[in-house]
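**Q** Here it is, the structure in full.
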Amino acid sequence: MSEHVLPIKLYVTIWATLLCLTVITAAVAFVDLGPFNTIVALVIASVKALLVVLFFMHVKYTSEKMTKVVVVSAIFWLLTLLALSLADYTTRLLA
Amino acid sequence: MSASSDSPIAVESHSPALRHHFADMEQQKQAASLGMWLFLGTEIMFFGGMFCAYLIYRYWYFNEFAASSRTLDIWLGTINTAVLICSSLTVALAVRAAQTGKRKLTVILLLATLAFGLAFLGIKGVEWYNKFEEHHIPGASFHFEASVPQHPGVPINSQHAQIFFSLYFAMTGMHALHMIIGVGLFCVLTFYAWKGRYGPDYYTPLENAGLYWHFVDIVWIYLFPLLYLIDRKK
């Protein structure tokens, strides 16, 4: 098989990073950052999700280019759903 | 399989796992992987609908969402996040063990994954039971009183808090259902791995079940801050 076998050390490093980020996000929630609490929490969650997708799910190393197309378009459709819905609901009271 | 020698698809190294409509194992593996990713794309939209509803109601009823979020057990939530991350590691290592042909290690790592998955569901069950005891389950016996965060004495709207708990149970419930399906999948795969069906030539079912498990992990990675960490500051 041409598939990469990644070193165990890489998996363990990603795992440790994910655990650290989990502790950080829970701890930061108790600090008053105003509206930035939500932003920090979502940025940390997205970094964790990215690490899982790239390394645990092997998207960084896949030889199949279509996988990346599917991942990017799935995220694109999700963001379209969220952005257009919120553009409606958050501006209704402005009129 | 009986592919005749003059057939264009007949290749000399013919793995028993190769289906006749694929040219070789590599193509078969990539097709299965792509199909799995397309399925996960539909799963993103499935959970996306609930996330969208959550965002809209959170925007409208932020005070109620903040007050309700504070009643969730942040310790159990954090521990459960760590448990899921550990299970993702054991799945990734189990796939690697199959890639390198270590049958025993594959089975052990899959059993560890099952243990982590069941531990997550157990902790989730404790959390749900606590919510049941506190009458935080939406419905006739729902009862929730709190004041607006940072404004003691100003009561929140309990109907709006009920929407938070409806979303909480719908989202964690759907996530838990995915976990239960994953545990069932891995029970079957552990049995086949023990039988020696997977090795360096063929481990696609393990890889795809792993992708599913990691996806469910990612859903929780977003659920945790969105449900538990809305407003924790003193």
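**Q** Looking only at segment A:22-38, which residues are farther than 11 Å from B:PRO225 by Cβ, over 17 Å from the mean Cα position of the chain (by Cα) and aliphatic (A, V, I, L, M)?
**A** Hits for segment A:22-38 are A:ALA27, A:VAL31, A:LEU33.
**Q** Also: Any idea which of B:LEU189, B:LEU185, B:LEU167 is within 17 Å of B:GLU43 (Cβ to Cβ) and either more than 14 Å from chain A (Cβ to nearest Cβ) or of a type in the set (Asp, Glu) (or both)?
**A** Details: B:LEU189 fails: within 17 Å of B:GLU43 (Cβ to Cβ); B:LEU167 fails: within 17 Å of B:GLU43 (Cβ to Cβ).
Exactly one of B:LEU189, B:LEU185, B:LEU167 is within 17 Å of B:GLU43 (Cβ to Cβ) and either more than 14 Å from chain A (Cβ to nearest Cβ) or of a type in the set (Asp, Glu) (or both), namely B:LEU185.
**Q** Can you tell me which of (1) touching a residue at least 24 places away in the same chain (Cβ under 8 Å); (2) not assigned by TED's automatic domain parsing to the domain that holds A:LEU10 is the one A:LEU93 doesn't meet?
**A** (1)
**Q** Of all residues in segment A:60-76, which are surrounded by fewer than 14 Cβ atoms within 10 Å (Cβ to Cβ) and either among the small types (Gly, Ala, Ser) or facing chain B (nearest Cβ under 7 Å) (or both)?
**A** A:SER63, A:SER73
**Q** Scanning segment B:189-203 for residues that are in a helix (DSSP H, G or I) and surrounded by fewer than 21 Cβ atoms within 10 Å (Cβ to Cβ), which turns out farthest from the chain's Cα centre (by Cα)? Break it down into steps so the answer makes sense when it comes.
**A** Quick first cut of segment B:189-203, residues in a helix (DSSP H, G or I) only: B:189-195.
Cutting the leftovers down to surrounded by fewer than 21 Cβ atoms within 10 Å (Cβ to Cβ) gives us B:190-192, B:194-195.
Working: B:THR190: 18, B:PHE191: 21, B:TYR192: 22, B:TRP194: 24, B:LYS195: 26 Å.
That would be B:LYS195.
**Q** Name the single residue, out of those in segment B:150-181 being surrounded by fewer than 18 Cβ atoms within 10 Å (Cβ to Cβ) and of a type in the set (Ser, Thr, Tyr), that is farthest from A:GLY34 (Cα to Cα).
**A** Among those residues, the one meeting the criterion is B:SER166.
**Q** Being touching a residue at least 60 places away in the same chain (Cβ under 8 Å), part of a loop (DSSP other than H, G, I, E, B) and of a type in the set (Phe, Trp, Tyr) narrows it down to one residue among B:PHE164, B:PHE144, B:PHE186; which is it?
**A** Working: B:PHE164 fails: part of a loop (DSSP other than H, G, I, E, B); B:PHE186 fails: part of a loop (DSSP other than H, G, I, E, B).
Result: B:PHE144 is the single residue among B:PHE164, B:PHE144, B:PHE186 that is touching a residue at least 60 places away in the same chain (Cβ under 8 Å), part of a loop (DSSP other than H, G, I, E, B) and of a type in the set (Phe, Trp, Tyr).
**Q** Return a yes/no flag: does segment B:226-234 have any residue that is under 16 Å from the mean Cα position of the chain (by Cα) and within 14 Å of chain A (Cβ to nearest Cβ). Talk me through it step by step, then tell me what you get.
**A** In the first step, residues of segment B:226-234 are kept if they are under 16 Å from the mean Cα position of the chain (by Cα); the result is B:226-227.
Now narrow it down to the ones that are within 14 Å of chain A (Cβ to nearest Cβ): B:226-227.
Yes; the residues of segment B:226-234 include at least one that is under 16 Å from the mean Cα position of the chain (by Cα) and within 14 Å of chain A (Cβ to nearest Cβ).
**Q** Here's something else I'd like to know. Those residues that are of a type in the set (Ser, Thr, Tyr), surrounded by fewer than 15 Cβ atoms within 10 Å (Cβ to Cβ) and in a helix (DSSP H, G or I), I need them from segment B:11-69; list them, please. Please lay out each step first, then the result.
**A** First, pick out the residues of segment B:11-69 that are of a type in the set (Ser, Thr, Tyr): B:13, B:15, B:33, B:42, B:54, B:57, B:59, B:61, B:68-69.
So of that shortlist, the ones also surrounded by fewer than 15 Cβ atoms within 10 Å (Cβ to Cβ) come out as B:13, B:15, B:42, B:59.
The answer is B:THR42, B:TYR59.
**Q** If you check B:ASP217 against the conditions, is it surrounded by fewer than 22 Cβ atoms within 10 Å (Cβ to Cβ) and within 14 Å of chain A (Cβ to nearest Cβ)? Spell out how you get there, then give the answer.
**A** Details: surrounded by fewer than 22 Cβ atoms within 10 Å (Cβ to Cβ): no; within 14 Å of chain A (Cβ to nearest Cβ): yes.
No: the conditions fail for B:ASP217.
**Q** Here's something else I'd like to know. Could you say whether any residue in segment A:39-59 is aliphatic (A, V, I, L, M), more than 7 Å from chain B (Cβ to nearest Cβ) and over 18 Å from the mean Cα position of the chain (by Cα)?
**A** No: zero hits.
The values are calculated or read from the model by the stated rules, or taken from the named source; none is laboratory data. For clarity, every value in this text was computed on a predicted model and none was experimentally measured. Backbone-built Cβ (ideal geometry, glycine too); neighbour counts: all protein chains shown.
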